[in-house]
Amino acid sequence: MFTSFLTAIIAGYIGLVGIVYIGQRSLMYHPGGPIGPPEAYGVQEMAELPLETDAGQVLISWYAPPKPDQPILVFFHGNAGTIGDRAQKVRPYLSAGFGVILAGYRGFGGNPGSPSETGLYDDAATILNHLKAIGISSERWVLYGESLGSGVATEMAHRYAISGMPIGALVLEAPFSSMGDAAAIHYPYIPTRFLVHDKYDSIAKIDAINTPLMIVHGAADRTVPLKLGRRLFEAAKQPKVSLWLEKAGHNDLYDFGAATHIIKFLRLIFKGR
């Protein structure tokens, strides 16, 4: 009887691991559906920016050009919702005169395709190639990564660093060190580090990025615990600054003044450029 009980437990555990392994992308990505134009979300300065990826998919981002001598902030959002949900989040940067791109991902907001790590990297690369094509060089870019988007922003910053074209600044909001580390916290009894497809292994890349870095994280974050943001920060090179907001969680950093601190940081970085 004990043997049968043990067998049932083992079978159940294997089944659970199998469900997580097979369905991990549905657990990781929660895209929102079709959205309206930028003005419907209160960012009338922005316009739809359709760009074709190497795979032939046309994805819609939103774009506002920078004012003279100002940087452009490319915002890579997290694993859920749409760019419309971040419209008011980028309002302070628009008001500061920065250019802004709200990066549209495949499978999100009515865009075709399904999200994956390599897919989101391709989407991001398409946007950055467009910026080069219209004459905005990499030293004017601020790559901004929100949660899962921190993995996308870090990958792009890494690519440009090792190619000898460093970006202007990297800002990471509630980042993780790697998706494996984040998954291990939420699924402690499953060997997620070995099973995860989309690794977003930022900590393996951050040391090669020689660009000003700011990491913003909430001490009350239960989705991506602060220790993962600290781990990434400690692995990064100077120049770097951190903003640990004691009472902030995962989604309310801007309620605690994050944007003001980020703009101050960026003003300092781009002063005199």
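For the chain, take the longest principal axis of its alpha carbons; what is the angle in degrees between that and the long axis of helix 2-22, to the nearest 10 within 0 to 90?
For 2-22 against the chain, the angle is about 20 degrees.
Can you match semi-axes √(5λ) of the Cα gyration tensor in Å to one of these, (1) 35, 25, 16; (2) 33, 21, 17; (3) 27, 24, 21, based on a calculation from the structure here?
Read-out taken from this structure: (2).
What share of the DSSP beta bridges in region 40-270 is antiparallel, in percent to the nearest 5? Each step should come with its number before you reach the end.
On the way: 9 of 33 bridges.
Bridges in region 40-270 are about 25 percent antiparallel.
Quick one: among Phe176, Phe108, Phe256, which has the greatest mean-square fluctuation in a GNM of the chain with alpha-carbon springs under 10 angstrom?
Phe256
Among the listed pairs Lys132/Lys227; Lys205/Lys271; Lys67/Lys199; Lys227/Lys271, give every one whose C-alpha distance is greater than 30 Å.
Numbers: Lys132/Lys227 36 Å; Lys205/Lys271 27 Å; Lys67/Lys199 36 Å; Lys227/Lys271 32 Å.
From the list (Lys132/Lys227; Lys205/Lys271; Lys67/Lys199; Lys227/Lys271), the Cα-Cα distance tops 30 Å for Lys132/Lys227; Lys67/Lys199; Lys227/Lys271.
Through the Karplus equation 6.51 cos²θ - 1.76 cosθ + 1.60, θ set to phi - 60°, convert the phi angles of region 255-271 into ³J(HN,Hα) values in whole Hz; use x for Gly and Pro.
Using θ = phi - 60°, the values come out as 6, 10, x, 4, 4, 4, 5, 5, 4, 4, 4, 5, 4, 5, 5, 9, 4 Hz.
Between His261 and Ala133, with labels modelled 7 Å along Cα→Cβ, what's the label distance in nm to one decimal, could you check?
The modelled label-to-label distance comes out at 3.8 nm.
If you average 1/r across every pair of different Cα atoms in region 119-273 and take the reciprocal, what Kirkwood value do you get, in Å? Intermediate results must be reported in sequence, preceding the final value.
Details: mean 1/r = 0.0630 Å⁻¹.
Result for region 119-273, one decimal place: 15.9 Å.
Which of the listed residues, Ile162, Trp62, Gly119, is farthest toward the dipole's positive end in region 40-270, when Lys, Arg count +1 and Asp, Glu count -1 at the beta-carbon?
Ile162
How do 148-155, 79-86 rank on mean C-beta neighbours within 10 Å, highest first?
Values: 148-155: 26.6, 79-86: 20.0.
In decreasing order of mean packing, 148-155, 79-86 become 148-155, 79-86.
Kindly write out, for region 128-140 in residue order, the coupling ³J(HN,Hα) from the Karplus curve 6.51 cos²θ - 1.76 cosθ + 1.60 (θ = phi - 60°), rounded to whole Hz, with x marking Gly and Pro.
My calculation for region 128-140 gives 5, 4, 5, 4, 4, 5, 9, x, 9, 6, 4, 6, 9 Hz in order.
Under 5 Å between amide H atoms, partner at least 5 residues away or on a different chain: which partners does Leu245 have, H built in plane at 1.01 Å?
His217, Gly218, Ala219
Could you give the length gained by full extension between Glu39 and Glu52, i.e. 0.36 nm per residue of separation minus their alpha carbon distance, to one decimal place? Please report the intermediate quantities before stating the final value.
On the way: separation 13, 0.36 × 13 = 4.68 nm, distance 2.29 nm.
Net length gain for the segment: 2.4 nm.
Values in this text are rule-based calculations from the coordinates and carry no lab data. Note that this is a predicted model, so its numbers are computed, not measured. Counting neighbours? That spans all protein chains shown, and the Cβs are built from the backbone with ideal geometry, glycine included.
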